[in-house]
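Here is the structure we will look at, set down as structure tokens.
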Amino acid sequence: MSDHTTTRAARPSPALPDCICDPEIPKTGWERIRELFQPNEQGIYPEEVNGVVKGAVTGLILGWVYGGIPAARHSKERYIQQSQAEIYYNRVDAVRSAHNAALRGFIRYGWRWGWRVAMFVTFFNSVSTGLSVYRDEVALSHFAAAGALTGGLFRINMGLRGLLGGSILGALLGVPTGALISGLQTLSGENIREKKRRDKQSLYEQKLEEWSARLEITDLVLQEMGAAQMDSAENHLEKIEELLNLPQNPMTEPKVEK
């Protein structure tokens with residue numbers, strides 16, 4: 001028993017599988033950026049990428065509502081003013097036509113506002129998230145830089161003056177936005193970078209526990225198989241010894257024919 005225990009203790013521990021990755025955050029900024037585009041085992045992308053996508057969808061909806069509701073009201077009033085001389089079969093037909101005009105205005109102008117707001121939010125979140133991931137910290141300067149780049153990009157068609165004005169306005173709007181986001185993360189107890197480190201560490205520990213449990217189960221199975229083989233060999237030896245200890249049959253002389 002002691003020899004078996006000594007052999008088991010002296011046996012080197014097997015290497016960890018590839019699915020158990022190092023919980024440490026990559027050291028360089030570009031490695032952290034590349035990590036954003038690598039899904040996990042379940043095919044889920046990191047939380048930063050999901051946040052950018054959710055922000056784009058939210059911006060699309062808010063922009064659509066912001067531009068669509070006034071446009072629908074204006075389209076309905078304009079249709080009523082322009083259709084005073086038209087003849088309708090009944091009141092329901094007139095109301096339906098006015099509602100259709102409002103719906104067309106809502107879809108048309110809401111889409112114009114929606115995709116612009118979605119692009120603005122997506123670019124802003126992408127730049128701020130990229131800077132935070134690259135530098136591995138969350139700072140107000142990242143949001144100010146993201147606002148300046150986004151504002152300048154959306155005003156670049158107005159020339160150099162529009163570019164400078166949009167950049168300054170974007171930076172001024174990016175600071176309170178970053179303060180709001182950072183404040184919400186502070187109220188939750190940790191920012192997104194700290195949360196990512198904690199999640200990676202907890203996932204690593206969970207996988208390590210599962211791997212250790214599997215190794216223990218494997219060792220128990222091997223021990224049981226070895227004990228079963230030893231018992232079977234002992235039984236075979238006992239049977240062989242019993243056969244050898246049996247008395248020999250007496251030798252019979254051959255009969256001689258006369």
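The values are calculated or read from the model by the stated rules, or taken from the named source; none is laboratory data. Computed from a predicted model, the values in this text were never measured in an experiment. For neighbour counting, all protein chains shown are included, and Cβ atoms are generated from backbone atoms with ideal geometry for every residue, glycine included. Only protein heavy atoms, including side chains, enter the accessible area calculation; ligands, DNA and RNA are left aside. Shrake-Rupley method; radii C 1.70, N 1.55, O 1.52, S 1.80 Å.
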key: Search result, residues across segment 195-227 that are open to solvent by 80 Å² or more (accessible area, probe 1.4 Å) and farther than 30 Å from Pro46 by Cβ   = Glu216, Ile217, Leu220, Leu222, Glu224, Met225
query = Could you say which residue among Val138, Val121 is of a type in the set (A, V, I, L, M), surrounded by 15 or more Cβ atoms within 10 Å (Cβ to Cβ) and in a helix (DSSP H, G or I)?
reply = Val121
ask   = So which of Thr177, Thr129 ends up being of a type outside the set (D, E, K, R), surrounded by fewer than 20 Cβ atoms within 10 Å (Cβ to Cβ) and assigned to a helix (DSSP H, G or I)?
value = Thr177
inquiry  = Going residue by residue through segment 153-161, is there one that turns out to be of a type outside the set (Phe, Trp, Tyr), in a loop (DSSP other than H, G, I, E, B) and surrounded by 15 or more Cβ atoms within 10 Å (Cβ to Cβ)?
reply    = yes
ask   = Given the structure, is Thr28 among the polar types (S, T, N, Q) and modelled with pLDDT under 85?
value = yes
